[in-house]
Amino acid sequence: MTVSYTLKVADSRFGGFSKLLFRWKGSIYKLLYKEFVVFVVLYALLSVVYRRLLTEEQKRLYTKVAQYCNRSTDLIPISFVLGFYVTLIVNRWWAQYTSIPLPDQLMCVISSNVHGKDERGRILRRTLIRYANLSAVLILRSVSTRVLKRFPTMDHVVEAGFMTQDERKKFESLHSDFNKYWVPCVWFTNLAAQARRDGSIRDDVALRLLMDELNAYRAKCSMLFHYDWISIPLVYTQVVTIAVYSFFAFCLIGRQFLEPLEPGQEGDLDMFVPLPTLLQFFFYAGWLKVAEQIINPFGEDDDDFETNKLIDRNLQVSLLSVDDMYQNLPPATKDKYWNESTAQPPYTTATAAETLKPSFLGSTFDMRMCEDAEQSQLVEASPSMPRMQTPLLGRFLAAASPAISIKNFGRGGRATPHLRRAFPSPHPEDPEAVDRIEEEETEDEESRGSGPPTPGGPLGGPQSPKASKIRRKEPPMVLVKAPSSESVGAEWPGGWEP
């Protein structure tokens, strides 16, 4: 039976989790006490042998071996391996629970779309939902030891009412080497198609909705089968188990309280009981036992899934929904808040204090933005408005921009050094970059001297035809007259930004 303690931790209070430490069922003490006793007994035997039976020479040899074993424990990545493994196991455990088929959605669709108040309609609805429950029972018999013990043979399934004798004969006449949990789902689809032809299901939309819910139900049954078939790789489980066992095998030898090797050397305090090592065993070995318990939650451990209870609940609720509740509605009347624009349910005395708290409207609802009138004025965006940039970020943006580059500014001649200073090289200390810039400036001067100037350069200077084509593809750029060098150094550290 699943151990539930949700109510005990509903409110955070002093010693809330501490009270859970004194529970036995489902506890770590119940899982680990046998291994813990074995470890303590082995440690005590080695301690007695070391203290009473070994000679001085043997003690010195044992001390060297123990020191070696103690150093070797640092080489085993037990925390990483064990933590990752347990995380994988816990995620798989919850995924298996969410894969258990529940007929709640399917029974609602059957009750609302399979019509007929006569005996034929009642039989049709009950048979459809019984086929769905039968499929769940068959798959749970294959993965859960509790369900298999409850229904060890098909005779028990027939006797429980999930299957008739005729259905059993039909089921056993189908020869297959694989699990046949899907057979009732096929019966369901054929019966639903027949109901559509007979008019019990009135349109194809309702039939499609019924088939979609059945497919989702069958997919969960299939996932349970595959979780049972495909386990976590055995090598991973073996690696984790060997890591934990070898770690504590070294601890048995290396964590003994030893005498110093030299007569005058000061040794460690002899506590007889290695409390930190015992706690370490309790944590790591307990972690491994947690993974061992929930790696297959369909067993008979204290915290395994209560599959038999789920079967009982699903059958009872689904039959009640499609049979007794079919077209059995309470009268539709005006509700209590019919004439009220704002419905406000009452509070009890214990919860009346909650009405004093204002409703949450958003984290920025109380933020005051209109205190500064200048900051609250509306401004129309304009393409000619200069963009503000931080000095450091502006250098990198300017160097990476396709419309603004050192080469383009180099074409403006030597009369505008203050503009070139505004866009420094991203690599000012790179000699190769400096040489490339000087070569580009030399080429620009030669082209300017050999051919007629082409107006429309980036700074009003000449521009080659090839560069003119490139310039026409670039977005327009607004240039602002640069201030003096003194104001540049005072207002914008590191150079003026456009």
Heavy-atom accessible area ranking, 1.4 Å probe, most first, across 19, 30, 25, 59: 19, 25, 30, 59
Cα-based Lys pair tally, region 102-229, threshold under 28 Å, eight or more apart or on separate chains: 9
Full-stretch length increase - residue 373, residue 242 - with 0.36 nm per residue and alpha-carbon distance subtracted: 40.1 nm
Label-zone membership for region 230-257, site residue 91, 7 angstrom Cα→C-beta point, backbone N under 14 Å: 232-233
Solvent-accessible ranking of 207, 88, largest area first, probe 1.4 Å: 88, 207
Potential lengthening between residue 226 and residue 104 on full extension [0.36 nm per residue; Cα-Cα distance subtracted]: 41.6 nm
Solvent-accessible surface ranking, highest first, for 78, 28 at 1.4 angstrom: 28, 78
Residue 156 accessible area, assembled protein chains, probe 1.4 Å, Å²: 70 Å²
Accessible surface of residue 123 - all protein chains present, 1.4 Å probe, nearest 10 Å²: 80 Å²
Residue 338 accessible area, 1.4 Å probe, all protein chains in place, Å² to nearest 10: 150 Å²
Gain in span if fully extended, residue 349 to residue 172, counting 0.36 nm per residue against the direct Cα distance: 57.5 nm
Accessible surface, region 216-348, averaged per residue in Å² (probe 1.4 Å): 64 Å²
Efficiency of FRET between residue 204 and residue 149 - r from beta-carbon atoms, R0 45 angstrom, step 0.05: 0.55
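The values are calculated or read from the model by the stated rules, or taken from the named source; none is laboratory data. Small disclaimer: the values here were computed from a predicted structure and weren't measured. So basically every Cβ, Gly included, is an ideal-geometry build from the backbone, and we count neighbours across all protein chains shown. Protein only, heavy atoms only, side chains kept; ligands, DNA and RNA dropped before computing areas. Shrake-Rupley method; radii C 1.70, N 1.55, O 1.52, S 1.80 Å.
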